[in-house]
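Written below as structure tokens is the structure these notes are about.
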Amino acid sequence: MEPVAMVPRRRTSSKLFQDFIPDECHRRYICVHCRAHLASHDELISKSFQGSQGKAYLFNKVININCGRAEERFLLTGLHAVADIQCISCKTTLGWKYEHAFEASQKYKEGKFIIELVHMVKENGWDW
């Protein structure tokens, strides 16, 4: 599967433009609050995760986010170092990035992103 090409951010004056997932990639996830593009469906790893506000998805790569500082948290699967991620447009906390997993069985999560369903929708209204 080919990686999705992202349109790079551009800066004019002091305004930062968002990254966009090209229209050829019609299956994408966007921020429910401001409609910023977050991830291509091709980057989805798993739908079997739980966030603090309910169901969440694990992604390999996301765009239009800022990462906070990593901190150690006890999650359902053990101790992890995670950093909260926020939408660059509306500043809503969407989920977190796994920076470090302390258990060997959880190492696959390192560098991956959790976005809670309450904060994203599928563009074009395709079924969940």
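Things to note:
- Single residue of the stretch 19-40 satisfying the filter (in contact with a His (Cβ under 9 Å, 6 or more places away or on another chain) and open to solvent by less than 40 Å² (accessible area, probe 1.4 Å)) that is modelled with the lowest pLDDT: Cys25
- Conditions (1) at pLDDT 95 or above; (2) over 20 Å from Glu123 (Cα atoms); number of the one not met by Leu94: (2)
- Subset of the stretch 35-65 [assigned to a strand (DSSP E or B), aliphatic (A, V, I, L, M) and touching a residue at least 24 places away in the same chain (Cβ under 8 Å)]: Leu38, Ala39, Ile45, Ala56, Leu58, Ile65
- Restricting attention to the stretch 69-100, the residues that are within 22 Å of Val32 (Cβ to Cβ) and surrounded by fewer than 14 Cβ atoms within 10 Å (Cβ to Cβ) total 1.
- Enumeration of residues in the stretch 102-128 that are more than 17 Å from Gly54 (Cβ to Cβ) and in contact with a Leu (Cβ under 8 Å, 6 or more places away or on another chain): Phe102, Glu103, Lys109, Lys112
- When each of Phe59, Phe102 is tested for being in contact with a Lys or Arg (Cβ under 9 Å, 6 or more places away or on another chain) and at pLDDT 95 or above, the lone residue that passes is Phe59.
- Restricting the stretch 101-128 to residues that are in a strand (DSSP E or B) and not basic (Lys, Arg) leaves a set whose member that is most open to solvent (accessible area, probe 1.4 Å) is Val121.
- Of all residues in the stretch 39-70, exactly one satisfies the criterion of being among the basic types (Lys, Arg), in contact with a helix residue (DSSP H, G or I) (Cβ under 7 Å, 6 or more places away or on another chain) and under 17 Å from Glu110 (Cα atoms), namely Lys61.
The values are calculated or read from the model by the stated rules, or taken from the named source; none is laboratory data. Since we're looking at a predicted model, the values are computed, not measured. Glycine also receives a Cβ, built like all others from the backbone with ideal geometry; neighbour counts cover every protein chain displayed. What goes into the accessible areas is simple: the full protein's heavy atoms, side chains included, and nothing from ligands, DNA or RNA. Shrake-Rupley method; radii C 1.70, N 1.55, O 1.52, S 1.80 Å.
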